[in-house]
1. Suppose the filter is at negative phi, surrounded by 11 or more Cβ atoms within 10 Å (Cβ to Cβ) and in contact with a strand residue (DSSP E or B) (Cβ under 6 Å, 6 or more places away or on another chain); does Gly122 pass it?
2. Return the residue satisfying two criteria in turn: it lies in the stretch 110-142 and is in a helix (DSSP H, G or I) and basic (Lys, Arg), and of such residues it is nearest to Leu24 (Cα to Cα).
3. Please give the number of the condition Gly73 fails out of (1) at pLDDT below 90; (2) in contact with a Lys or Arg (Cβ under 8 Å, 6 or more places away or on another chain).
4. Pairs please, first residue from the stretch 87-103 and without any contact (Cβ under 8 Å) to a residue 24 or more places away in the chain and in a helix (DSSP H, G or I), second anywhere and of a type outside the set (Ser, Thr, Tyr) and surrounded by fewer than 21 Cβ atoms within 10 Å (Cβ to Cβ), Cβ atoms under 7 Å, 6+ apart in sequence or on different chains.
5. Before we move on, is Gly59 at pLDDT below 90 and either under 16 Å from Val35 (Cα atoms) or among the small types (Gly, Ala, Ser) (or both)?
Amino acid sequence: MQALQQAIDKHIDDDPDLKQIWDLLHSIPGVGQRVADHFTALLSGRDFKSAEQLAAYLGLVPTQWQSGSSIKGRPRMSKAGSASLRQLLYMPAVVAIRCNPHVKALYERLLAKGKAKMSALGAAMHKLAQLCFGVVHSGQPYRADWPTKA
């Protein structure tokens, strides 16, 4: 495992485009080496037009179970995408709730509205994926002073 991680690190360090993407992702509070490695591969290998497209690919968008005009049950996360990438975002989202001002504001706002903690955590995972797309798409590192929704 250690040799494989060293090979991944060397490959990223040798390619300036991958290194720039990795550095941008790593600037986000809550995103560590493992998430930065996986998202570098994902965002450099696929052409996502929007952050919502990335979230849908990861299966982090809400869906409702409905038939015709009747809605059965409450909205749930679609889970249509890769389960391993969703699992990869779980712990970084937990960390981001405490140290990332954008994710923390979203999480606290949803809890204040009466949402369940797991539902708010799913929204935090979605927000973290959006932030990853945003920093790579803009080419600018994460800025904590960027205005948040209150």
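1. So Gly122 passes the test.
2. Lys127
3. (2)
4. Final answer for the pair search is Arg98/Lys104.
5. No; evaluated as a whole, the condition is false for this residue.
Here is a yes/no grid of residues against (1) surrounded by 11 or more Cβ atoms within 10 Å (Cβ to Cβ); (2) touching an Asp or Glu at 6+ places or on another chain (Cβ under 7 Å); (3) aromatic (Phe, Trp, Tyr):
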| position | (1), (2), (3) |
| --- | --- |
| Asp17 | no, no, no |
| Gln20 | yes, no, no |
| Leu24 | yes, no, no |
| Thr40 | yes, no, no |
| Ala80 | yes, no, no |
| Tyr90 | yes, no, yes |
| Val95 | yes, no, no |
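The values are calculated or read from the model by the stated rules, or taken from the named source; none is laboratory data. Just so it is clear, the model here is predicted, and its values are computed rather than measured. Reconstructed Cβ throughout: ideal geometry from the backbone, glycine too, with neighbour counts over all protein chains shown.
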